[in-house]
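Written out below as structure tokens is the structure these notes cover.
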Amino acid sequence: MAAWDAPASTVGDWTLQNDSRRRGHPTRRDVLRMVALAGGAGIAWRAGLFGRAASGPVTRARILMGTGVHLTVLGKDRDAAEAAADATLDRMAAAEGLLSRYLPASELSRLNATGRLENASDDLLAVLRTADRFSRLGEGAFDVTIQPVLDLYRRGPGHVAPPPEAIERTLERVDYRAIRIEGRTVTLARPGMGLTLDGVGKGHVIDRGVATLKERGFDDVFVEAGGDLFAAGRKARGDTWRIGIRSPRPGATLQARFDASNLAVATSGDYQQPFSPDFARHHILDPRTGVSAPELASSTVSAPNAASADALATLTMVLGPRRGRELIEALPGCEAYFVSKSLDVTRTSGFEVV
């Protein structure tokens with residue numbers, strides 16, 4: 001699917017289907033798919049299929065954060081657009097290098113290893129403050145200190161759930177309020193704590209990419225990473241960007257389409273990293289109980305920025321459709337589309353499908 005009609009993560013070509021991709025090891029098929037997609041887009045524009053054969057959009061694709069990242073940049077000066085696209089990917093890669101827990105030298109990895117980090121970067125501090133905001137908003141239903149419990153699940157044999165007593169003991173190390181920030185020093189106040197930024201970091205990286213493009217004067221852009229995205233301005237013919245939401249269950253049925261402009265979209269789903277074949281156990285854990293969120297199969301959220309959309313998609317997966325809708329309805333500029341385990345749909349009042 002071409003980037004200008006790119007989907008939220010329930011529909012994207014870059015949907016993460018298993019933990020090996022989440023750990024930053026894209027398959028050869030991923031890379032070939034990216035090359036084919038970028039090449040196909042170029043052929044289509046040169047043939048004039050989308051109305052701007054002479055000065056069509058600049059597209060770029062790269063593997064970052066263990067998934068495919070896609071940029072589409074529209075502008076009158078192609079050389080400037082190409083330079084901006086390259087600079088954007090470099091900026092996103094630099095942010096990944098600070099925030100990824102899969103890179104041993106990253107700031108996050110060093111913080112997890114020692115429990116203390118001095119001279120933290122603007123990127124890490126911004127992500128931690130965003131995470132704290134949504135942790136407080138959700139009264140602990142979103143918590144980046146959930147990593148020790150995730151490790152407990154992944155260490156277990158096959159699809160067997162950890163014993164309740166093991167979960168309870170591990171939850172003693174989970175508490176977002178134990179992240180202490182003083183100036184540029186970050187401290188984890190309890191022994192054995194560990195952070196994962198998977199529920200907010202990708203959105204932050206996308207926002208950094210969009211900011212880089214706007215700083216260079218490009219307002220009509222599309223930045224997508226693993227299905228989470230930001231659509232700014234308009235497509236070549238003045239149309240809004242159209243986003244698709246696909247079913248979270250096998251069969252890949254397209255459930256809905258909606259238009260987006262100057263809007264971020266993110267999806268969380270039980271299918272992305274399942275711990276059991278029936279999706280009952282998966283990586284989106286309720287930090288208050290250590291158990292997988294039981295009600296929703298997927299949550300798609302739109303928001304003014306990608307970090308917020310990313311965090312809210314995870315948070316509402318935990319809250320479920322009723323409480324999740326109440327929360328989103330109270331947040332300016334945010335909408336949501338929820339799909340339950342039985343594939344029933346709940347959406348906020350302002351979520352308009354086309």
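Ordered by packing density, taken as the mean number of other Cβ atoms within 10 Å over each peptide's residues, highest first, how do 204-211, 105-112, 163-170 rank?
On the way: 204-211: 24.6, 105-112: 18.8, 163-170: 13.6.
For the peptides 204-211, 105-112, 163-170, the packing ranking is 204-211, 105-112, 163-170.
Compared with the direct C-alpha span, the chain from residue 342 to residue 133 gains 72.1 nm at full extension, assuming 0.36 nm per residue. Quick one: Cα centre-to-centre distance for segment 208-239 and segment 144-162, in angstrom? Cα centroid of segment 208-239 versus Cα centroid of segment 144-162: 36 Å apart. For residue 235, a cut-off of 23 angstrom between C-alpha atoms picks up these lysines, skipping any fewer than 8 places away in its own chain: 76, 214. Based on the Cβ-Cβ distance of residue 160 and residue 105, what FRET efficiency does E = 1/(1 + (r/R0)^6) give at R0 = 45 Å, to the nearest 0.05? Calculated transfer efficiency: 0.85. Each Cα pair under 8 Å and six or more residues apart adds its separation to the average, and for segment 65-115 the resulting relative contact order is 20 percent. Stretching residue 86 away from residue 234 to a fully extended chain increases their span by 51.2 nm, per 0.36 nm per residue minus the current alpha-carbon distance. Listed peptides 215-223, 182-190, 293-301, 79-87 appear in the order 293-301, 215-223, 79-87, 182-190 once ranked by packing, highest mean of other Cβ atoms within 10 Å at the front. Tell me, how many Å apart are the Cα centres for segment 306-353 and for segment 256-299? Here the two parts' Cα centres lie 11 Å apart.
Laboratory data are not the source of any read-out in this text; all were calculated from the coordinates shown. Quick caveat, the model's predicted, so the values are computed rather than measured. Neighbour counts run over all protein chains shown; Cβ positions are idealised from the backbone, glycine included.
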